[in-house]
Every structure is written in C-alpha cells, then in structure tokens.
Amino acid sequence: MNRLMQMGCTVEVEHSDESLHAHVALDGDPVIRPGDEVQVHGEPIHVAFGERRTFRRMATLRRASFLERTWTRTCAGFFEMNELYEVSFTPRRTL
C-alpha cells in the first residue's frame, strides 16, 4: 500500500468576529483514519479581518502505519475519557 498520496484540495478560510477557521477538503474525499497526516502545500494564506476566501492547493496525505494508528487510538481514547471529568473553579458559597 502506498503511504503517500498527492491530491488537490480546497482550503476555505474565514477570519471574522463570528468565526476564525480553516477547513480543508481533499479531492476525492479519501477516508482519513486515526494517525493519518495531511500537509497542504503552497504559499502561506493570509485573510484580512472580515473576509472569507477559498483557495486551491496541492496536498500530501500520509497514511499511518498499523502501529501509529493503534497508538493514536489508544491516546485519543485516554484523552477523550478525561474530557468526561467536570472541573470548576467556582468557590463553594451560596449566591
């Protein structure tokens, strides 16, 4: 199995008071599994405040090995379990 795959992608970037995000959609919608890595190539993207822009770029998808995938699942499961804990910094007093 080829662990490196080159493909095109669409990058959507928004920088506004409502949202600050960057989403990448790979051409062909390959399944991304635990431990896989995606690297988007090209010049750095700069979007001014209040703008939402879309760019076309090339990307490399590197598939994780069996051991990397297993390690990622194990660590992700541990940290997801920790998200179930509730932490509060409110002093115990009657309001």
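Throughout, read-outs are computed from the coordinates displayed, never taken from laboratory work. From a predicted model like this one, the values you see are computed outputs, not experimental measurements. Note that each Cβ is placed from the backbone with ideal geometry, even for glycine, and that neighbours are counted across all protein chains shown.
Data table
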{"read-out": "Listed peptides 33-45, 54-66 by packing density, highest first (mean Cβ within 10 Å)", "value": "54-66, 33-45"}
{"read-out": "Added length on full extension, which subtracts the Cα-Cα distance from 0.36 nm per residue, T10 to H41", "value": "10.0 nm"}
{"read-out": "Projected label distance in nm at V24 and F55, using a 7 Å step from Cα toward the beta-carbon", "value": "1.1"}
{"read-out": "Over the stretch 1-75 - Rg/Rh using Cα atoms and the Kirkwood inverse-distance radius", "value": "1.06"}
